[in-house]
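Beneath this line is the structure, given in structure tokens, with notes to follow.
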Amino acid sequence: MGSALLESAGMIVEKKTLLKEHAMEFCSSVSLFAMLFSTPLWFFARADLVPLGAVGWIFLASIAYALTMLFFAKALRHMAISYTTPFLAFGPLVTAILAFLFLGERLNMVQWLGVAVILLGAYLLYSHSHKDLLEPFKKAHKLPHMKYVWLGILFYAITGILDKKIVGASELAVPVISYLTIMFFFIGVIFIVMMLLFHDGFHGIGNGMRNNTKWLSSVAILTIGFKIMVMYAIATPGVLLSLVIPIKKLSALFSTIIGGELFHEDHLLRKTAAALIMIIGAAILVL
């Protein structure tokens, strides 16, 4: 729940910042701030508990997370939010399917009901600006940048699978702080390389960091905070990734409340119903 709250705050700031920033410049700047701000965590990291083989897995997870950041940022920048965000509600479903295939996680019928209820509530909340609830689906195939949404959802799920494999009760079992310090370092390096290869290099990074320092650093701090919380949840023995991710999707609810949208006159009934549905779904999962 704490990670959902921090993630929702980060989403609000990200949407604001992307109005002025290119997606890759935004992600590169945030990743470098995150690498900088996570430096003190190295004092608590246990490098001796991270085998060399685990470093390779962490690098793969870093690539997946970097691509998740980039694709979602591109979608938010190039498409109307009212058409991109409804589809983000289906991220936990993709994660649950991959967790079943690669981690062997199995949910009982009550847990699947809770997941479905949260997804329904998230979709209703995200799609509040449409009179027809199916409108985002009807227009999705006409949107040239829709591929970024689907790719973002896919790599979001892959990141979750790798997170669980690395910090979960497996042969790796890397401590959370050790994992995150290495991961944020790798992500920073990955985006520097991407900027040099596909964009305007350090010039673009410098422009972004100078022009929006306050907002970019805020996103970085919030990202570190929610990532720490969600990773400790994932690392808890016996906790299924398929259940953690849907609860984290309550960030949709918190984003609406924090953004001051829940109490606007427009679509108030649908938003309130969606909020209640998501709370009921979360209650089903944790009972």
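Structure above, values below:
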read-out: Ascending count of other beta-carbon atoms within 10 Å, so fewest first, for Phe155, Phe102, Phe184; value: Phe102, Phe155, Phe184
read-out: Computed E for Arg106/Thr213 - FRET, C-beta separation, R0 51 angstrom, nearest 0.05; value: 0.65
read-out: Least to most buried among Lys147, Lys214, Lys227 (fewest other Cβ within 10 Å first); value: Lys214, Lys147, Lys227
read-out: Order of Asp163, Asp200 under a 10 Å beta carbon neighbour criterion, fewest first; value: Asp200, Asp163
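FYI, it's all coordinate maths here, none of it is from the lab. Not measured: the values here are computed from a predicted model. Here Cβ is always computed from backbone atoms with ideal geometry, including for glycine, and neighbour counts include all displayed protein chains.
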